[in-house]
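Q: Structure below; questions to follow.
The values are calculated or read from the model by the stated rules, or taken from the named source; none is laboratory data. This one's a predicted model, so the numbers in the text were calculated from it and none came from an experiment. Glycine gets a Cβ as well: all are built from the backbone with ideal geometry, and neighbour counts include every protein chain shown. Areas reflect the complete protein model, heavy atoms only, side chains present, ligands, DNA and RNA absent. Shrake-Rupley method; radii C 1.70, N 1.55, O 1.52, S 1.80 Å.
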Amino acid sequence: MKHIIALDVGGTGMKAALIGADTTLLHEARRPTGRERGPDAVVTAILDFAAELREIGERRFGEPPLAAGVGVPGVLDEDRGVAVFAANLGWRDVPLRALLTERLGGIPVALGHDVRMGGLAEGRIGAGGGARRFLFVAIGTGIAGAIGVGGRIDPGAHGSSGEIGHIVVRPGGPACGCGQSGCLETLASASAVGRAWADASGDPAADA
């Protein structure tokens, strides 16, 4: 059966699926990113997860995937397939598309910004359908947005459009992984809300 790999890399966890040619969901799985072990370990986790998905597809459906679509956070050079920077994952200048293509046996790999890919889906088949302009905002480990204009997602001049989580809203506030202090996501992301609630409640297991 013809199918593709879909893999979403977040700041804390990864979500993946095998999707049939008719868009049927064939398989889904989740894994932690393991970011506490450092950026190299995160890259290894992504490659291992992708290889596992390929193996599952071949075993169940009798043929390798046709392609893979992979979404990652941070600043991307989508033309070169390079993950330039991700504050929550700590990596810089990772040639992720080439690494995935090699690990997956040479199948085509599309590398995109996770939130812009989510925004594209929302614009085509979700709440943004029919809207000429819309803003999609994802709040998780970090905060980011996708700007929909005329049926497409605008990546910005340098591939960082929508990185609203790194707007400084409280100068001198909590340190952010991007090197600034008081960024929006240090105060209002799900992880920041969870930390604040854990401190306020005295329950270290509390989360957003």
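Q: Largest first and to the nearest Å, give the Cα extent of region 1-123 along each principal axis.
A: Dimensions of region 1-123 along the principal axes of its Cα atoms: 38, 32, 24 Å.
Q: Give me the distance in nm between label points sitting 7 Å out from Cα along the Cα-to-Cβ direction at residue 107 and residue 158, one decimal.
A: With each label point 7 Å from Cα toward Cβ, the separation is 3.5 nm.
Q: Work out the FRET efficiency for residue 127 and residue 25 from their Cβ-Cβ distance, taking R0 = 30 Å, and round it to the nearest 0.05. Don't skip to the end; give the middle numbers.
A: Working: r = 20 Å, r/R0 = 0.67.
Once rounded, the FRET efficiency stands at 0.90.
Q: On to the next question. For P(r) over Cα pairs in 10 Å bins from 0, in percent, the choices are [x] 9, 31, 36, 19, 5, 0; [y] 9, 28, 31, 21, 9, 2, 1, 0; [z] 9, 36, 36, 16, 2, 0; which was calculated from the structure?
A: Read-out taken from this structure: [x].
Q: Could you identify which residue out of 67, 157, 86 has the top mean-square fluctuation in a GNM of the chain using Cα springs shorter than 10 Å?
A: For the chain, modelled as a Gaussian network with Cα springs under 10 Å, the answer is 157.
Q: Something else now. Per the Kirkwood formula on distinct C-alpha pairs, the Rh of region 154-194 is how many angstrom?
A: Numbers: mean 1/r = 0.0940 Å⁻¹.
Averaging 1/r across every pair of different Cα atoms and inverting gives 10.6 Å.
Q: So which GluC sites (Glu not before Pro) in region 82-171 end up in coil per DSSP with only 11 or fewer other C-beta atoms within 10 Å? Could the numbers behind the result be given before it?
A: Details: sites: 102, 122, 163; in loops: 163.
Answer by residue number: there is no such site.
Q: Also, I was wondering about something else. Have a look at the DSSP beta bridges in region 1-140 and tell me what percent are antiparallel, nearest 5.
A: 70 percent
Q: Return the calculated 222 nm mean residue ellipticity for the chain, to the nearest 500 deg cm²/dmol, obtained by summing -39500 (n - 2.57) across DSSP H runs with n ≥ 4 and dividing by the residue count. Provide the component values of the computation, followed by the final result.
A: Numbers: 5 runs with 60 residues, N = 208.
Dividing the helical sum by the residues of the chain leaves -9000 deg cm²/dmol.
Q: I've got another one for you. Using modelled backbone amide H atoms (1.01 Å from N, in-plane), which distant-in-sequence or interchain residues come within less than 5 Å of residue 33's amide H?
A: 13, 14
Q: How far apart, in nanometres, would the label points at residue 37 and residue 93 be if each is projected 7 angstrom from Cα along the Cα-to-Cβ direction?
A: 2.5 nm
Q: For residue 112, list long-range residues whose amide hydrogen, built 1.01 Å from N in the peptide plane, is under 5 Å from its own amide hydrogen.
A: The answer is 70, 71, 72.
Q: Using a 1.4 Å probe over the heavy atoms of the protein chains, calculate the carbon and sulfur portion of the accessible area of the chain as a whole percent.
A: Values: 5840 of 10720 Å².
Whole-percent figure for carbon plus sulfur exposure: 54.
Q: Tally Lys/Arg at +1 and Asp/Glu at -1 over every other residue whose Cβ is under 11 Å from the Cβ of residue 115; what's the total? Walk me through the numbers before you get to the answer.
A: On the way: positive: 116; negative: 8, 114, 122, 163.
It works out to a net charge of -3.
Q: Sum up the charges of everything whose Cβ sits under 10 Å from the Cβ of residue 30, counting Lys and Arg as +1 and Asp and Glu as -1, but leave residue 30 out. Numbers along the way, then the final one.
A: Values: positive: 15, 31; negative: 8, 28.
Result for the local shell: 0.
Q: Net charge near residue 88, counting Lys/Arg +1 and Asp/Glu -1 over other residues with Cβ under 12 Å of its Cβ?
A: Numbers: positive: 35; negative: 36, 114, 163, 185.
So the environment of residue 88 carries a net charge of -3.
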